[in-house]
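A.B. asks: Let me give you the structure first, and then I'll get to my questions.
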Amino acid sequence: MKLAVLGGGGFRVPYVYEALLRDRGVPRIDEVWLYDTDPGRLDVMASVLAALADAAALADAAGTGDAGAPPKVFTATGLDRALEGADFVFAAIRVGGTAGRVCDERVALDLDVLGQETTGPGGLAYGLRTVPVMTRIARRVRALAPDAYVINFTNPAGMITEAMQAVLGDRVLGVCDTPSGLGVRVAAALGLDPSRLRLDYVGLNHLGWTRRVLHDGTDVLPAVLADDGLLGSLEEGVVFGRGWLRDLGMIPNEYLYYYYFNREAVRATLDAPRTRGEFLAAQQAAFYERAASASGDAPMGLWRETVAARSASYMAEVKGAATGAASPGHAGVDPVDEGYAGVAVRVMAAIARDEPATLILNVRNGPTLPALPPDAVIEVPVRADAGGVHPLPLAPPDLHQTGLMQQVKAVERLTIRAALTGSRTDAVKAFALHPLVDSVSVGRRLLDGYVDRIPEVAAVFEEPR
């Protein structure tokens with residue numbers, strides 16, 4: 001089977017390849033095409049994957065590995081060549097690069113509004129410039145690989161998945177590892193088998209709540225909430241504090257920190273010596289420069305070193321650490337098996353080999369949540385199998401969850417419409433109506449700022465429709 005990875009020079013591509021190396025099922029991916037517009041980054045990632053394949057082959061020869069024959073890797077700077085005949089497409093592109101991300105953050109922070117990659121106005125600016133590109137990609141998938149499933153990692157994941165579904169329907173699925181990561185960490189803390197846990201989770205991407213954690217049908221979440229040590233050891237316990245989690249009686253997705261503690265989040269980000277985007281821009285530039293001149297398996301070692309620092313500093317500014325420093329409460333899961341790469345490979349196995357799996361994905365709502373439109377993309381537990389993905393029945397969210405989801409979904413849809421039509425009116429409404437902006441005048445200034453600072457956003461409102 002052929003897998004096309006869009007954004008193939010991206011930093012997380014080795015995780016995907018490692019997950020493929022561990023997959024021993026039949027049929028499996030035996031051909032990986034990396035597509036990127038930057039040939040230098042493509043070359044670096046191809047060298048990292050080659051080193052991973054060599055290491056896996058050595059482990060197999062020594063009888064200590066489980067990789068099997070490594071998938072062959074090809075690179076392309078032309079989209080059509082990568083897509084043609086693909087069985088699956090992984091989409092993980094960053095329109096505007098890390099420079100765009102820095103502007104997503106800084107334009108908002110200059111107005112004392114949250115600057116963050118996916119949440120708040122930064123996510124809307126990211127969506128404005130990304131929706132047109134991903135919609136065009138969806139049309140090329142329909143033409144060149146009409147039977148392929150698209151597994152979308154491109155942020156803001158829910159918004160992009162919904163825009164692509166308008167072209168490809170239910171063959172587009174969104175993946176985020178944050179909900180499943182919580183389940184794995186809870187299982188580890190309680191000494192339970194994570195494969196026997198089921199999360200009662202409801203929401204949108206980066207806006208959801210774990211309401212129950214079922215182990216063989218028994219809810220273990222109350223025991224987690226009651227245990228000071230256990231709750232405090234979880235990343236969510238550090239981010240939100242034990243008291244707020246107990247008040248809620250559930251565990252929110254960590255990105256809800258930006259809603260529940262908005263003033264504190266803005267202050268902490270302003271006080272940090274640099275934003276997350278600025279840290280990653282510097283870190284990645286240094287990595288690609290060093291890796292481009294390295295040989296043998298050195299690029300792989302550089303990648304592992306860099307990605308470890310990246311992961312350890314995740315959400316550092318809201319955990320009391322300087323951006324870029326290792327943060328308290330960081331307890332990551334295996335990014336290959338339990339991270340988004342592992343989730344994606346389980347989706348492929350479920351669809352291609354009819355190996356049913358229960359996962360939390362971004363999918364079309366249908367009748368699952370009556371308070372949202374049927375064609376809205378939501379993030380909920382699903383059963384995946386050869387027939388596709390099927391959202392599982394859920395109890396309705398409560399009023400505060402429903403209200404927040406409805407408002408953010410309305411903003412997402414205004415953003416999609418603005419991105420596809422070039423309507424400044426819809427874009428201003430999206431910024432102004434976002435609950436983390438809550439001001440028409442600030443909404444207008446945000447749009448003006450992003451148009452002035454990010455060429456790809458300006459192009460949305462300049463191109464004839």
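A.B. asks: Within 10 Å, count the other beta carbons around each residue, average over each peptide in 170-182, 91-103, and list them highest first.
C.D. replies: Ranking, from highest mean packing down: 170-182, 91-103.
A.B. asks: With all pairs of different alpha carbon atoms counted, what Kirkwood hydrodynamic radius in Å does segment 399-460 show?
C.D. replies: Final number for the Kirkwood radius of segment 399-460 is 11.9 Å.
A.B. asks: Can I ask one more? Using only Cα atoms, what is the ratio of the radius of gyration of segment 109-182 to 2.2 N^0.38 Å?
C.D. replies: Ratio of Cα Rg to 2.2 N^0.38 Å: 1.24.
A.B. asks: Let me ask another. Given Cα positions, please report Rg to Rh for segment 179-260, the hydrodynamic radius being the Kirkwood one.
C.D. replies: Radius of gyration relative to Kirkwood radius: 0.92.
A.B. asks: Let me ask another. Would you work out which of GLY85, VAL457, THR75 lies farthest towards the positive end of the dipole of the chain, given +1 charges on the beta-carbon of Lys and Arg and -1 on that of Asp and Glu, about the Cα centre?
C.D. replies: VAL457
A.B. asks: Peptides 226-234, 207-215, 155-163: what's the order by average Cβ count within 10 Å, highest mean first?
C.D. replies: Going from most to least packed, we get 155-163, 207-215, 226-234.
A.B. asks: Give the peptides 380-386, 112-118, 124-130 in descending order of average Cβ contacts within 10 Å, highest first.
C.D. replies: The densest-packed peptide leads the list: 124-130, 112-118, 380-386.
A.B. asks: Using the Cα centre of segment 179-260 as the reference point, and only Cβ charges (+1 on K/R, -1 on D/E), how large is the resulting charge dipole? Debye, rounded to the nearest 20.
C.D. replies: 120 debye
A.B. asks: Calculate the tail of P(r) for segment 265-318: the fraction of all Cα-Cα distances greater than 13 Å, expressed in %.
C.D. replies: 62 percent
A.B. asks: For the chain, count all C-alpha to C-alpha pairs, find those more than 44 Å apart, and express that count as a whole percent of the total.
C.D. replies: The calculated P(r) of the chain puts 7 percent of pairs beyond 44 Å.
A.B. asks: Any idea what the dipole of the chain comes to, in debye rounded to 20, about its Cα centre with Lys/Arg Cβ at +1 and Asp/Glu Cβ at -1?
C.D. replies: 880 debye
A.B. asks: Would you mind calculating the relative contact order of the chain from Cα pairs under 8 angstrom and at least 6 residues apart, reporting the percent as a whole number?
C.D. replies: It rounds to 17 percent for the chain.
Each value in this text was obtained by applying a stated rule to the coordinates, not by laboratory testing. On a predicted model such as this, the values are computed, not experimentally measured, just so you know. Virtual Cβ from ideal backbone geometry, glycine too; neighbours counted across all protein chains shown.
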